[in-house]
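One structure is given below, encoded as structure tokens.
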Amino acid sequence: MTADPMSRRTHRRLPRSARAASGFTLIEILIATILLAAAMTLGFATLRAASAAATRGEITAQRNERMRAVEGFLRRRIASALPIAFDVNESTGSPLRFLGEPDRIRFVADLPAYLGRGGPHLHDITVVDDGEGVRLQADFAVVLANEVNAERDPRPPELLAGGLREVKIRYRALDAQNRIGDWEEVWSQGDRMPLQVKIEIIDGRGDRWPPIVVSLPQAASFGGFSQVPI
């Protein structure tokens, strides 16, 4: 039986879109797969970058918050130092009101209610090397009649900052010419208070915190010192 010539011409004249609707070629499937994989790779890379940026931002925010908290605490406590004696120098008999070393400060100030029962307390701020880094801590004790009263159940020191690399404490006052003197590592005039205290901190990553320079208002009216601006 002879095929209809008109039918053959009609089949040859079918539009290309109609013929392609019957399926995709292998090359088209490969190209689509490659494009899909590239899009997914780009999407995952963007997601990882956004997640890493968010994590870095959170770490930076926590670090800055801790820095501000430690700085604020030290500024408030040191600036509130009072010319109250907490001990006596056995060699000279003079009262001890402020002792300063490169890694330790001792002075008396009123303790806020949120830290204890309030009233004059010896503030003992110490730099401690625990073998894994340096930590900055504060201990408090009640002062009565120019003496430190030991508590029956003393609480542990308050941790201010841990995992540090280095902490330096310096002191200064007026020199013999009544001018602001140089920073000193040790405050040896225990019966007097320094005009300023400076604390420099380097964290565990090696980043240097902004120097904390605190003026002691009570030092300006005690011992004949003059007020010195920061």
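Just so it is clear, none of the values below were taken in a lab; they were calculated from the coordinates. The structure presented is a predicted model; accordingly, all values stated were derived computationally and were not measured. As a convention, Cβ positions derive from the backbone with ideal geometry for all residues, glycine included, and neighbour counts pool all protein chains shown.
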inquiry  = How would Arg152, Arg106 line up from fewest to most surrounding beta-carbon atoms within 10 angstrom?
reply    = Arg152, Arg106
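Which of rounded, prolate or oblate describes segment 103-163 when judged by the alpha-carbon gyration tensor and an a/c cut-off of 1.5? Spell out each step's value before the answer.
Details: a/c = 2.18, a/b = 1.98, b/c = 1.10.
Because a/c hits 1.5 or more and a/b exceeds b/c, segment 103-163 counts as prolate.
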message = Test of understanding: ordering Val167, Val88, Val214 by Cβ neighbours within 10 Å, fewest first, what list do you get?
response = Val88, Val214, Val167
request  = Find the relative contact order for segment 64-221 and round it to a whole percent, using C-alpha pairs within less than 8 Å whose residues are 6+ positions apart.
outcome  = 23 percent
message = Explain nothing, just compute: Karplus ³J(HN,Hα) = 6.51 cos²θ - 1.76 cosθ + 1.60, θ = phi - 60°, for every residue of segment 92-103 in order, whole Hz, x for Gly and Pro.
response = 10, x, 7, x, 9, 10, 7, 10, x, 10, x, 10
message = Need the C-alpha centroid separation for segment 69-127 versus segment 132-181, integer Å.
response = 6 Å
message = If amide hydrogens are placed 1.01 Å from N in the peptide plane, which non-local residues have theirs closer than 5 Å to the one on Leu82?
response = Val108, Ala109
query = For Leu74, Leu99, Leu35, what's the fewest-to-most ordering of other Cβ within 10 Å of each Cβ?
reply = Leu35, Leu99, Leu74
